[in-house]
Amino acid sequence: MIRLSLLFALLLSSPAVAGSLGNLAQYPPTKINLTITTTRDAAPKIEPDEIQLLSGKYYRLTISCPDVRDDLTGWRIEMPELLNNAHLRVVTVGDIEIHLQGLSFNAIECDEVGAAHVSFVPIKPGTFPFYVGNVPLALGRPIGESGVQTKGKSVFGEFVVR
């Protein structure tokens with residue numbers, strides 16, 4: 001039993017054991033912006049469509065929807081692969097902060113003009129797509145349904161984490 005404890009202690013102190021690539025609470029976060037607008041043919045347009053990130057760095061993503069008119073013309077953004085490979089800290093909508101501390105969420109829906117903020121640390125390098133499409137209710141689908149709405153208008157972007 002002592003040998004097993006000694007082996008375990010040696011493994012934990014070995015330089016081969018990987019540590020975090022960053023301080024998950026390092027303030028201030030680097031600010032990045034994603035703007036979702038509506039084209040003349042009522043499709044979503046995202047700017048930028050590719051967002052470069054570094055693993056282990058603290059970010060605050062601002063998702064802005066400057067031209068949404070109502071619940072049925074709004075946009076839904078989903079980024080499950082990034083969220084599954086990041087440490088989430090805070091989601092802010094208006095003056096309301098939701099401290100997640102590693103939990104996750106499915107989507108953010110822009111059903112009125114405004115912005116939401118997501119503070120996170122990407123943990124795993126890779127390319128993670130994100131989806132912006134119609135709010136499900138606008139297509140006769142259940143409120144809160146996740147996934148690509150195949151009958152609506154949508155666009156994809158990606159987060160590239162190095």
| note | R60 neighbourhood, Cβ < 14 Å, K/R = +1, D/E = -1, net charge +2
| Unit charges on C-beta of K, R, D, E only; dipole of the range 26-161, Debye | 300
| Packing rank of 40-51, 66-77, 110-121, where each peptide gets the mean count of other beta carbons within 10 Å, highest leading | 110-121, 66-77, 40-51
| task | Can you tell me the equivalent ellipsoid semi-axes for the range 26-161? Use √(5λ) from the Cα gyration tensor, largest first, whole Å. | result | 24, 15, 14
| said: Using amide H atoms built in the peptide plane, which far-off residues or other-chain residues are under 5 Å from E158 H to H? | reply: E50, I51, F130
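Every number in this text was worked out from the coordinates using simple rules, so none of it is lab data. Computed from a prediction, not measured in an experiment: that's the story for all the values here. Every residue, glycine among them, receives a Cβ derived from its backbone with ideal geometry; neighbour counts consider all protein chains shown.
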